[in-house]
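Worksheet: the structure to be examined is printed underneath.
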Amino acid sequence: MKRFSPADIERIRFMADFGHSGVSIARSLNRSPQAIRVKCCELGISLRPPSADSRRFKLSPQCWHELQRVAAQRGAKPGRLARQLVELAVKDKLVDAIIDAEPPKQRQMVKPPPDPLLAALRGEPNPMPTLPTPVPLVDAFDALVPRLTCILLNNIQLRGTA
């Protein structure tokens, strides 16, 4: 039986905190889902999906470790401390002061181009601009032949003299 290393246990806690299922944690550690469920039960880690009113967001590993350190100093859980920080920043209107950047401009909705088929079905005029009448292929080919002949003859002459 393969034992769980401290790094494995830390990874289980980290992934479970972010709402990963037992199966995804098992895949990342090359373990069976049953082994992960048993270990989580031993450690008191819940693998149940979060409730509808809970929201999750990811933090960088460095930020998460610092949050864990601060939470341990305060005798709190890191998730609860993160929630309190976000709620206070929003409630006290400190987000702009913390981020120190202008909020992004609102995107304007781009109207999709009109559909000529739908316009025809509705009896509306064709919304697409009419394209110029194409040159018949024979005429275009006849115009290209003398130019291609000139280019080929010049290449042949250059190869013959070189």
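Which order do ARG3, ARG11 fall in if you start with the one that has the fewest other Cβ atoms within 10 Å?
By the 10 Å Cβ count, ascending: ARG3, ARG11.
Rounded to the nearest 0.05, what FRET efficiency do ARG48 and SER28 have when you use their Cβ-Cβ distance and R0 = 22 Å?
Computed FRET efficiency for ARG48 and SER28 comes out at 0.75.
Please compute the modelled spin-label separation between GLN106 and GLN73, points set 7 Å along Cα→Cβ, answer in nm with one decimal.
Here the modelled spin labels are 4.1 nm apart.
Using a 10 Å cut-off on Cβ atoms, rank the peptides 27-39, 63-75 from the highest mean neighbour count down.
Per-residue mean Cβ counts within 10 Å order the peptides as 27-39, 63-75.
So what are the three principal axis dimensions of the stretch 55-102 from its Cα atoms, in whole Å, longest to shortest?
Cα extents, longest axis first: 32, 21, 20 Å.
Once a ≥ b ≥ c are taken as the square roots of the eigenvalues of the Cα gyration tensor of the stretch 1-47, is the result rounded (a/c under 1.5), prolate (a/b larger than b/c) or oblate (a/b not larger than b/c)?
Judged from the Cα gyration tensor, the stretch 1-47 comes out rounded (a/c under 1.5).
Quote to one decimal, in nm, the extra length available between GLU124 and LYS2 on full extension: 0.36 nm per residue of separation minus the C-alpha distance between them.
36.7 nm
Throughout, read-outs are computed from the coordinates displayed, never taken from laboratory work. All figures in this text were calculated on a predicted structure; none of them were measured in a lab. Counting neighbours? That spans all protein chains shown, and the Cβs are built from the backbone with ideal geometry, glycine included.
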